[in-house]
Structure formats: C-alpha cells, structure tokens
1. Considering only residues of segment 130-160 that are touching a strand residue (DSSP E or B) at 6+ places or on another chain (Cβ under 8 Å) and of a type in the set (S, T, N, Q), which is nearest to residue 100 (Cα to Cα)?
2. Yes or no: residue 124 touching a helix residue (DSSP H, G or I) at 6+ places or on another chain (Cβ under 7 Å), closer than 24 Å to residue 161 by Cβ and not aromatic (Phe, Trp, Tyr)?
3. Step by step: first the residues of segment 50-71, then only those that are surrounded by 11 or more Cβ atoms within 10 Å (Cβ to Cβ) and under 15 Å from the mean Cα position of the chain (by Cα), then the one that is farthest from residue 32 (Cα to Cα). Which residue is that?
4. Out of the residues in segment 1-49 meeting the condition of being within 24 Å of residue 140 (Cα to Cα), part of a loop (DSSP other than H, G, I, E, B) and open to solvent by less than 100 Å² (accessible area, probe 1.4 Å), tell me which one is modelled with the lowest pLDDT.
5. Looking only at segment 136-167, which residues are part of a loop (DSSP other than H, G, I, E, B), touching a residue at least 40 places away in the same chain (Cβ under 8 Å) and not aliphatic (A, V, I, L, M)?
6. Looking at 148, 154, which one is exposed (fewer than 11 other Cβ atoms within 10 Å of the Cβ), modelled with pLDDT of 90 or more and among the hydroxyl-bearing types (Ser, Thr, Tyr)?
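The values are calculated or read from the model by the stated rules, or taken from the named source; none is laboratory data. From a predicted model like this one, the values you see are computed outputs, not experimental measurements. Don't worry about glycine lacking a Cβ; one is built from the backbone with ideal geometry, like all the others, and counts go over all protein chains shown. In case anyone asks, the SASA skips ligands and DNA or RNA and just uses the protein heavy atoms, side chains included. Shrake-Rupley method; radii C 1.70, N 1.55, O 1.52, S 1.80 Å.
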Amino acid sequence: MTATTTHTRYRINGVINTAKPVMQNLENIANSAGAWITYDITDGKWSVIINKAETSAHSFNDSNIIGAVDLAGTGLDGLYNSVEVQFPNNDLDDNNDFIRIDIPAVDRKPNEPDNLLKLNYPLITDPVTATVIGLLELKQSRVDLIVSFQTDFSKNDVLAGDVIDIT
C-alpha cells in the first residue's frame, strides 16, 4: 500500500481593505497565493492563472509563425539578485517581519550589480510561505525572455497565461 500525502501549497490570511479598489484587492490575493489575474476577451470573464509548471497548450513553428521572431531579455542592471519580503508574521502577533534571500555571488553574472527586489505581502502570515513566494519571484525575474512574433489565424485562441512552446 502506498501512502499519499497532500500539502497546502499556499495559505493566506489577512484583512482586506475594502476602501481600496476591488482589482487591487484581487491582485493582492492572487499575488499572495502565487497566481495572477487575467481577463479573457473571448468569454468576457476574469480568471486566475496559478503560477506552476504546465505542459504546453500551443505549439508555434515555421508552419504558423509569420515573419521574423524577435527576442529580448532583461539587461544586466535589471536583474534582481536578492529579494526582501515584508509580511505580518503570525508568530510575532502579526507584527511586520522581513525575509531576505540573496543569490550567491557564484550564481551571478560577471559584473552584475546588486539589485534588491522588495515585496510586501500583507495577506501572508507564515514565514515559509513568504520565503517560497519570494524565492519564486526572485528566480523567475532572472529568467525572463520576451519573444515577439506574428502568427496566422489558426492560433487565434491563445489566451494570456497559456503555456506555449516555440520551435
């Protein structure tokens, strides 16, 4: 018999400020849960995209890419190499706490200047969750790549948040 365990991926806890715009509160909830919000223009509805590994939903190659493919990335001075996460720590009676994570010098690019990413998660009260989300944001900020191209009408159903592959 095999044992199966489940683990809560993220847990948020906090007060929603109803004086703030609804969209700002929704984005705050989504960011604190490792997700983001997108609008589907085909359905006319908002949806949540969970930030996790997925399989590709669409493939792009020479048969459906029209014209040139342009690539762009973050410049050396735009790379974050440390993150500081502020959150109300439930172990400290919800007083503000900070977690700082630094990329080791050996993993930095040559001549990369120090660049701190500051995040504030008022709905995260657990240091482990704050660390996980802070590390996720830091690592993903270092691997961005913007690919621009045009495709034919066959791929008109691609939505924001869909995972794609390009050959």
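1. This residue is 131.
2. The answer is yes for residue 124.
3. Checking each candidate, the answer is 54.
4. Result: 8.
5. Of all residues in segment 136-167, those part of a loop (DSSP other than H, G, I, E, B) come to 142-144, 152, 156-163, 167.
Imposing the further condition that a residue be touching a residue at least 40 places away in the same chain (Cβ under 8 Å) reduces the set to 142, 144, 152, 157-163, 167.
Once the filter is applied, which keeps residues that are part of a loop (DSSP other than H, G, I, E, B), touching a residue at least 40 places away in the same chain (Cβ under 8 Å) and not aliphatic (A, V, I, L, M), segment 136-167 yields 142, 144, 152, 157, 161, 162, 167.
6. Result of the check over 148, 154: 148.
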